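This report concerns only the one structure given below.
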Amino acid sequence: MHSEILAQEGYTSVSVKESPARELFPGIRLRPLWTGTDGAQANLLEMDPGSSWPHRDVHEPGPEEVFVVSGTFNDGARDYPTGTFLHAPAGSWHVPASAIGCTLFVFYPEG
């Protein structure tokens, strides 16, 4: 066992169950997992069946990267099943929704 791995500055872990959920919109919850010193963020987004973003979600100041952990995500144009990766460049937008519910890993490399 290499316990010195865990002593490295910035090396961290978090249990999703221990990360407090914040309701963004009805049926849509955000669980923060990590925030870097430069503003980068890693989050888990949970969407209940039938939930949807009430307006355009614009990706600013930087891109958004999404991995569909479970369920089916819809960006307003098409469905993306479990195992799909999406990259949305800065300035692009979508209207997140899910007919059956989904869990997403969402990463903002530039905050």
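The values are calculated or read from the model by the stated rules, or taken from the named source; none is laboratory data. Quick caveat, the model's predicted, so the values are computed rather than measured. Cβ placement follows ideal geometry from the backbone for every residue including glycine, while neighbour counts extend to all protein chains displayed. With ligands, DNA and RNA removed, areas are computed over all heavy atoms of the protein, side chains included. Shrake-Rupley method; radii C 1.70, N 1.55, O 1.52, S 1.80 Å.
Of the residues that make up segment 50-58, is at least one within 22 Å of Trp34 (Cα to Cα), among the acidic types (Asp, Glu) and within 11 Å of the chain's Cα centre (by Cα)? No, segment 50-58 contains no residue that is within 22 Å of Trp34 (Cα to Cα), among the acidic types (Asp, Glu) and within 11 Å of the chain's Cα centre (by Cα).
The criterion of at least 2 residues that are without any contact (Cβ under 8 Å) to a residue 24 or more places away in the chain and either surrounded by 10 or more Cβ atoms within 10 Å (Cβ to Cβ) or on the phi > 0 side of the Ramachandran plot (or both) is met, among strands (runs of 3 or more DSSP E) falling completely within segment 3-70, by 22-25, 28-35.
Of all residues in segment 71-108, those that are open to solvent by 40 Å² or more (accessible area, probe 1.4 Å) and touching a residue at least 40 places away in the same chain (Cβ under 8 Å) total 6.
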